[in-house]
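Step one of this worksheet: look at the structure below.
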Amino acid sequence: MFPTAVCASEVSNDQSSFNQFINLTPEERVILKKEVGLTDAEIDMTEVDILKRLISEGAKKIGGGIRGFQITDKKEMIETQDLTRSDIMIGAVGYTVGSDRTGYKKLYLYGNFEWLTFPTWYLTDKMTIGYPSTTKFFLPTSSGYITGHENRLCDKVNSFDAWVCQTSYTPADYAYGNVGISATYDISIGRPYMKGMIGQYVYVDEKESGTANLIINYGHRKGGVGAPSVDVYPTIGLTVSPSVVTDVLPYYTQVSW
């Protein structure tokens, strides 16, 4: 197992939302569908500021997907101790974007989640993006820190309320073997509507190409203290570790670059 490092989070408040697609112009929606390659559901489930940035970066979808769904006010508690896709929606999309480094391709790896039921526990959850070491992806750095990262948690009390969001630009864990990144989410009691995202830019030599699995894992803490722990496996990358106090729900997809 590769070692991981834990970094302090840099947090800011904003009012961004997954579904404020009214802020997109008709022309932008056309670009996102015809040039980027997204579906209507993927557009509506992705934050508007990220969509606009993808357009400006000349992004092309290279794999993954996000399904649409409809939430009503009748949400129930999780009936079992194991997470299922009836409890939480998870999606992941990979993109190529315009590179700012000569000789390297640049990719943007994105994952998101939305709770469809009320969580049984309000502790600290974690989401990971993992990929095999054979991809030869590497993370951008500056002054000894990982850069190109963003994670966001949004919550609200009622379905009709505005989303209140916190954004961090510092990952919770990363693997020295360049096989993934993670983010933590402090689940607030009394604010049962929750969704979030994790995004990371990576680079790879322009001579490299291939297809690999991208694995998103959501870990829900159901006891104890602290955040869920992570493990690293060369074939699947960084992942949340299941345990008696952590339920894990994976999402597998493929990206080609």
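Some observations on this one:
- For L249, net neighbour charge (Lys/Arg +1, Asp/Glu -1) across residues whose Cβ lies under 9 Å away: -2
- Unsatisfied cross-links (Cα-Cα over 27 Å) in the set K195/K222; K105/K195; K105/K156: K105/K195; K105/K156
- Using Cβ point charges alone (K and R +1, D and E -1), the dipole size of the range 114-236 about the Cα centre works out to roughly 240 debye.
- Put Y110, Y169, Y122 in order of accessible area, highest first, and with a 1.4 Å probe you get Y169, Y122, Y110.
- Global form of the range 172-257, assessed from the alpha-carbon gyration tensor, a/c cut-off 1.5: prolate
- To the nearest 10, the accessible area of T102 is 140 Å² with a 1.4 Å probe.
- In the assembled protein chains, R101 presents an accessible area of approximately 90 Å² (probe radius 1.4 Å).
- Net charge in the neighbourhood of S133 (other residues with Cβ under 15 Å of its Cβ; Lys, Arg +1, Asp, Glu -1) is -2.
- Cα gyration tensor shape of the range 105-220, rounded if a/c is under 1.5, else prolate or oblate by comparing a/b with b/c: prolate
- Other residues lying with their Cβ under 11 Å from the Cβ of L123 contribute a combined charge of +1, Lys and Arg counting +1, Asp and Glu -1.
The values are calculated or read from the model by the stated rules, or taken from the named source; none is laboratory data. Note that this is a predicted model, so its numbers are computed, not measured. We place every Cβ from the backbone using ideal geometry, glycine too, and count neighbours over all the protein chains shown. Areas reflect the complete protein model, heavy atoms only, side chains present, ligands, DNA and RNA absent. Shrake-Rupley method; radii C 1.70, N 1.55, O 1.52, S 1.80 Å.
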